[in-house]
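Below is one structure, written out as structure tokens, with a few remarks after it.
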Amino acid sequence: GLEHHHTAVGVIDFELSGAALQLVAFSGRDGGLGLLFTDATSGLTTYPACRSLAIEPPAADGTVVLDFNRAANLSCAFTDYATCPVAPAENRLTVSVEAGEKNPR
């Protein structure tokens with residue numbers, strides 16, 4: 001009966017491995033943003049449900065830094081007794097994000 005709800009606050013356009021991509025972001029902590037995503041490594045070398053990424057507040061011109069080295073597993077990656085949100089369909093990348101935490105299991 002638990003539910004997780006995130007309200008989208010914007011779209012981040014970026015390029016990775018030569019592909020133009022977009023991710024939907026939600027409000028994060030301290031004026032920053034957050035996102036949940038999956039990619040081509042999900043279920044192989046990274047946790048299948050999703051990983052999260054905290055993003056510093058946008059600069060005055062609206063730009064942000066996506067540091068995928070900081071992509072983190074949620075608590076559900078470590079125990080069957082935790083619930084985790086699901087990445088929105090818009091955040092299911094077809095390219096591989098090799099950076100960040102790997103599957104702990």
Exercise. What residue among PRO85, PRO58, PRO48 has the largest mean-square fluctuation in a Gaussian network model of the chain, using Cα springs under 10 Å?
Worked result: PRO58
Problem set entry | Global form of the chain, assessed from the alpha-carbon gyration tensor, a/c cut-off 1.5 | oblate
Seminar exercise, completed: The simple spin-label model distance between ALA72 and ALA89, using points 7 Å out along Cα→Cβ, in nm, is 3.0 nm
Seminar exercise, completed: Correct response: the longest run of the chain lacking exposed chymotrypsin sites (Phe, Trp or Tyr not before Pro), defined by DSSP loop and at most 16 other Cβ within 10 Å, is 1-77
Problem set entry | Of ALA19, ALA72, ALA54, the one that fluctuates the most in a GNM where the chain has Cα springs shorter than 10 Å | ALA19
For this session: Give, in nm to one decimal, the length gained when the segment between ASP80 and ARG105 is fully stretched (0.36 nm per residue of separation minus the Cα-Cα distance).
Result: 7.9 nm
Exercise. Among ALA25, ALA89, ALA77, whose mean-square fluctuation peaks in a Gaussian network model of the chain (Cα, cutoff 10 Å)?
Worked result: ALA89
Exercise. When the distances between all Cα atoms of the stretch 44-83 are binned every 10 Å from zero, what whole-number percent does each bin get?
Worked result: 27, 39, 24, 10, 1
For this session: Please say if the stretch 57-101 is rounded, prolate or oblate, where rounded means a/c under 1.5 for a ≥ b ≥ c the square roots of the C-alpha gyration tensor eigenvalues, and otherwise the choice is prolate for a/b larger than b/c and oblate otherwise?
Result: prolate
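Quick note: the coordinates plus some simple rules give every number you see, no bench work behind them. Everything quoted here is computed from the prediction, not taken from an experiment. Using ideal geometry, Cβ is built from the backbone for each residue, glycine included, and neighbour counts are taken over all protein chains shown.
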